[in-house]
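S.K.: To start, I am sharing the structure in question, which I have written as structure tokens.
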Amino acid sequence: MGKYIIRRLVGAIPVLIGLSIVLFAFVHLLPGDPTRAILGQHATAATVASLRETLGLDKPLWEQYLLYMGQLARGDLGHSVVNNKPVLGEFMTRFPGTVELTIAALLVAVGFGITLGRLAARHPQTWTDGAVTVVSLLGISIPIFVLGLTLQFFLSVRLGWLPTSGRIDPRLAIPTVTNFMLVDTLLAGRPEAFVNALKHLVLPAIALGSIPLAIITRITRASVLDVANEDYVRTARAKGLSERRVDGRHIMRNAWLPVTTVIGLQVGGLLAGAVITETIFAWNGVGRWVVQAISNRDYFVIQSSILIFAFIFLIVNLAVDIGYAFLNPRIRYT
Amino acid sequence: MTAPSISIPGRVEARHSRGLWRDAGRRLLHHGPALVGLALISLFLLAAVLAPLIAPFGPIEGKLVDRLQPPTGGHLFGTDLQGRDEFSRILFGAQVSLQVGVVSVFMGLVMGGLIGATAGTFGGRVDAALMRVVDVLLAIPGILLAIAIVAWLGRGLPQIMLAVAMTNVPLFARLLRGSLLALREADFVVAARSLGASRLRLLMRHMLPNALTPVIVAATLALATAIIDVAGLGFLGLGPPDPRTAEWGTMLTDSTRFLRAAPYLIFFPGLAIVITAVGFNLFGDGLRESLDPRLKR
């Protein structure tokens, strides 16, 4: 097991290096000049040249790449060309927002997905099963932005049940400690603010969770049906075990494995989906920040934030694989 | 006393040799959901092809005095901020989605297919190196990769196609590689190899035809995702360079400010995207089940 983890970690290094080269090449080989983006169209040639020197853009590409890697190794991810703030600091203040949203979406997806999947599997080929199938089909086919806007219209604009956008009512003025709104409101000892933050979280979490919900529903249904047809399940029933016990001990324990794998695989997709969800709901997280960086042509923010995103993505996938190996004793570490 | 019945493999073989595709086609015709999917896809194709003939107005034709009109007889789906007919724009939008969706999936299929076929045929170091490239692509979450590509290459239909294609490359590369690696040791491939078939002949005649089934299914399902991704890029403001272009995602993002006043500007383009995606998803699933009768719904 230890060897397996080390081998997977080592295997991630070339991927990260490759990724850094690709991103570096993207920023430096393609049209568009960061200095122009910083100084604007009317800067004199002399100012442009001096800024190029400061940013190291006058050096040969390979040297620039090594300098960039050296910076990365020291934890310096560069500065925004728009407001000159360090990228890493900006990322860290926004990342909790994305994590909060992703966890909430995952809870929605797992909670409803597994319930619906089990429900459908318990009554196969009935109208319940059909309804669940339709829900999961729609979940996969409705883009996040269409679902998000529709939910916004019905539940916020029409019915006024939930807030349209943002992470919390700005008038509540919660002091930032962890940047996790739910945690910060509790730390401030303001239950009414906690409820407010929770209400802001509902719609984005449903919108973001819809696709994984559909996928988890499908897998749970298929997996439970698969196991339910096994001989040992028939044996368990034949020897007179209660349906509850058959379900809990004989079916679900064996049906879990594919479901957990798929749940793990969804985390990466959720991080990607957060980009769109945060944009719709004006959610102050990393995704919205990247989209803004793109429209501002904020080169270093784009380069570094995608690198961090990919790094997290790799770590999550690695954790999923290791967790899977841990859960499934039958897996071979070869 | 009757003689024990002996099954003759040859005869069984003969009865089953109607061909994979004919068998699959027959099953597909009896597959309800797949037929519904096919109908929805046809609706989408008809909208795209017949848009210039059946659309009551041009895609960029509108009078400001007519703006933000709710759905009526004159404007079936209402009008947008510039007074353009929403129904006509949705029909023309199907052209963009169809074009970008099909081209991007095809590009992804070719690029991913080449990588996967090379890796799966040669194996060993070539395989390891190519799969690391795929891992790099996989390390960037789909839509973010597409956003990055469009952000750097600039807005334009070719850029969007390439961006969405790139998100599909890892999928097709891994799929084809996996099937080919499994087939390398299949008896009929070993037999052909031992008869002296060249590597190219082995790949083209024996391995590829048997590896294509999952790829075709994946391509159908990828069309649904591609159309959603294209609309997603449009929604994020990275759609076609001409902001007047009737593109479903761009139409949605233009309308978000009027959620209260003109919700129909969200519903109709949204519905168009959903119907198309449902169509490809239903048909793709049906195709998968028809091609592999062991899969039960």
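The values are calculated or read from the model by the stated rules, or taken from the named source; none is laboratory data. Computed from a predicted model, the values in this text were never measured in an experiment. All Cβ positions, glycine included, derive from the backbone under ideal geometry; neighbour counts span all protein chains shown. Keep in mind that these areas ignore ligands, DNA and RNA; they rest on the heavy atoms of the full protein, side chains included. Shrake-Rupley method; radii C 1.70, N 1.55, O 1.52, S 1.80 Å.
S.K.: Determine which single condition A:V291 fails, assuming it passes every other condition in (1) aliphatic (A, V, I, L, M); (2) within 9 Å of chain B (Cβ to nearest Cβ); (3) not in a helix (DSSP H, G or I).
M.R.: All conditions are met except number (3).
S.K.: Of all residues in region B:51-98, count the ones that are more than 26 Å from B:L233 (Cβ to Cβ) and in a helix (DSSP H, G or I).
M.R.: 5
S.K.: Report whether or not B:A165 is at pLDDT 85 or above and assigned to a helix (DSSP H, G or I).
M.R.: Answer is yes for this residue.
S.K.: Take region A:290-312 and flag every residue that is among the aromatic types (F, W, Y) and open to solvent by 20 Å² or more (accessible area, probe 1.4 Å).
M.R.: The answer is A:F300, A:F311.
S.K.: While we're here: Take A:R237 and tell me if it is surrounded by fewer than 22 Cβ atoms within 10 Å (Cβ to Cβ) and over 14 Å from A:A121 (Cα atoms).
M.R.: The answer is yes for A:R237.
S.K.: In contact with a helix residue (DSSP H, G or I) (Cβ under 9 Å, 6 or more places away or on another chain), among the basic types (K, R) and within 12 Å of chain A (Cβ to nearest Cβ), is that true of B:R174?
M.R.: Criteria not met by B:R174.
S.K.: Of all residues in region B:112-147, which are without any contact (Cβ under 8 Å) to a residue 12 or more places away in the chain, within 14 Å of chain A (Cβ to nearest Cβ) and either among the aliphatic types (A, V, I, L, M) or touching a strand residue (DSSP E or B) at 6+ places or on another chain (Cβ under 9 Å) (or both)?
M.R.: Passing the criteria: B:A128, B:A129, B:V136, B:A139, B:I140, B:L144.
S.K.: Here's a check for you: in region B:51-93, which residue that is of a type in the set (F, W, Y) and open to solvent by 40 Å² or more (accessible area, probe 1.4 Å) is nearest to B:I228 (Cα to Cα)?
M.R.: Of everything passing the filter in region B:51-93, B:F87 is nearest to B:I228 (Cα to Cα).
S.K.: Go through region B:247-286 and report how many residues are at the interface with another protein chain (Cβ under 10 Å from one of its Cβ atoms), under 19 Å from A:F281 (Cα atoms), assigned to a helix (DSSP H, G or I) and open to solvent by 10 Å² or more (accessible area, probe 1.4 Å).
M.R.: Going through region B:247-286 one residue at a time, the tally reaches 3.
S.K.: For the list (1) closer than 19 Å to B:F258 by Cα; (2) hydroxyl-bearing (S, T, Y); (3) buried (at least 22 other Cβ atoms within 10 Å of the Cβ), I need the number of the one condition that B:S97 fails.
M.R.: Of (1) closer than 19 Å to B:F258 by Cα; (2) hydroxyl-bearing (S, T, Y); (3) buried (at least 22 other Cβ atoms within 10 Å of the Cβ), only one is false for B:S97: (1).
S.K.: Something else now. Kindly list, by first and then second residue, each pair from a residue in region A:147-164 that is more than 10 Å from chain B (Cβ to nearest Cβ) to a residue that is surrounded by fewer than 19 Cβ atoms within 10 Å (Cβ to Cβ) and in a loop (DSSP other than H, G, I, E, B), limited to pairs with Cβ atoms under 8 Å and residues at least 6 apart or on different chains.
M.R.: From residues that are more than 10 Å from chain B (Cβ to nearest Cβ), the pairs are A:L155/A:W161; A:L155/A:L162; A:P163/A:D169.
S.K.: Just to be sure before I move on: is B:L238 touching a Phe, Trp or Tyr at 6+ places or on another chain (Cβ under 9 Å) and either facing chain A (nearest Cβ under 8 Å) or closer than 18 Å to B:L76 by Cα (or both) in the structure I sent?
M.R.: Here the answer is no, as B:L238 does not meet what is asked.
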